[in-house]
Amino acid sequence: MVRRRELLGMVGATVGVGVLGAGAAEAAPRDAKGRGGPSHRLLTFLQFNIWLGGSQVPDGRAGIADTIAAVKPDVVMLSESSPERVANTLADLADRGLTYYDNANPTDPAVISRYPIIEHQSFPYWSKAVIDVDGTEIAAYSGHLEYRYYVNYLPRGYGGGTPAPLETSEYGWDEIPTGPITDVDLIMRLNEASGRTAVTKTVLADAAQERRKGRLTLLAGDFNEPSHRDWTRRTRNLFDHNGTVVEWSTTKAIEDAGFRDSYREIHPDPVRAPGFTWPSDNPGADTGQLTWAPKADERDRIDFVFYHPDRRIHLLDSVIVGPSTTIVRNERVAESGREKFWEPKWTWPTDHKAVLSTFRVSTDRPRH
């Protein structure tokens, strides 16, 4: 949401081969005559909200490049970017000896890639970059959806910034004097008014066209909306959900279109591995900068990497990149789940945690 370079450390379980082997070509099988067959690449995709280009914490701009340089993702979806911020990031990465291509998107969000970008297109709240990975083309969509109508705050006793004249608009982002609002029909109606699901369905239709061209499709972003897989009966009395079970419509629409939530595929239990991405703790910011609901547990998973199944792509791993601490009721606390973290020892530039998902992708041009 808008509001010293050291070695990388880990908290929790170790990072799997999918992360450590990112970017490495696997051996190509050979036929009886010794000719090379199809090969595979390990590809990593990073969803990364950069909090107004790292401008909100000291050395935040350097922290963006440090994060990418340490993790070395093949494709990065940048939220809260701009042409200037993307140019700065590319220049900072070049200073570190890394070359990334830009999708030339004129507005937030953006895509940068270690592989050539052969096409790009802008949509409301979304952008697309078609990436050529050794002959296999991937249409990658980056989203940064409407931040108002953040109605997952209503059960937590706070307004979600819903504009007038809609219901609950009188609360703005403030605490609701009468307490939590748990009317699920109202929550769903206001969430639909945000337009997040509608603009995403436009992208889903475009992705279907791309698959008809033989391309793989993947989408990621800061949705400013939770997942229907996280607000379930098992979590209804956790995380200040206050008894609500909500089938959040944007992630539901994406799954209905055949996409899979990479993090929930690897970590299916929202209680043991909630995978919260917002708010994140940040040592360079006061807690008041990091919370919009200071008397509540406002943690949610709002940053995602989705992929559409295909015989050429196989999910290997998905981890959270960022501090293993968070903000609950205006205090810095350790995350309560059992998820894996790739925890930075450099300046963390943002109030979000990032999501890193690793895939094995078949390529059309064998490498020898």
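The values are calculated or read from the model by the stated rules, or taken from the named source; none is laboratory data. What you see is a predicted model; the values in this text were computed from it and never measured. Quick reminder, even Gly has a Cβ in these numbers, built from the backbone with ideal geometry, and neighbours come from all protein chains shown. Protein only, heavy atoms only, side chains kept; ligands, DNA and RNA dropped before computing areas. Shrake-Rupley method; radii C 1.70, N 1.55, O 1.52, S 1.80 Å.
Quick notes on this one:
- If the condition is being closer than 20 Å to residue 121 by Cβ, in contact with a helix residue (DSSP H, G or I) (Cβ under 7 Å, 6 or more places away or on another chain) and not aromatic (Phe, Trp, Tyr), then segment 198-237 contributes 200, 201, 204, 217, 219.
- Hits in segment 164-190 (condition: among the aliphatic types (A, V, I, L, M) and assigned to a helix (DSSP H, G or I)): 184, 186, 187, 188, 190
- Scanning segment 298-316 for residues that are of a type outside the set (Lys, Arg) and open to solvent by less than 10 Å² (accessible area, probe 1.4 Å) returns 298, 300, 302, 303, 304, 305, 306.
- Residues that are assigned to a strand (DSSP E or B) and open to solvent by 20 Å² or more (accessible area, probe 1.4 Å), drawn from segment 325-341: 325, 328, 331, 332, 333, 334
- Scanning segment 69-121 for residues that are assigned to a loop (DSSP other than H, G, I, E, B) and open to solvent by 70 Å² or more (accessible area, probe 1.4 Å) yields 72, 96, 99, 106, 107, 114.
- Residue match in segment 175-192 (condition: more than 19 Å from residue 249 (Cα to Cα) and of a type in the set (Asp, Glu)): yes
- In segment 347-368, of all residues being part of a loop (DSSP other than H, G, I, E, B) and modelled with pLDDT under 95, the one that is farthest from residue 220 (Cα to Cα) corresponds to 368.
- Contact annotation: residue pairs with Cβ atoms under 7 Å, 6 or more positions apart or on different chains, pairing a residue in segment 161-172 that is under 11 Å from residue 151 (Cβ atoms) with a partner that is open to solvent by 50 Å² or more (accessible area, probe 1.4 Å) and part of a loop (DSSP other than H, G, I, E, B), are 161/148; 161/173; 162/148.
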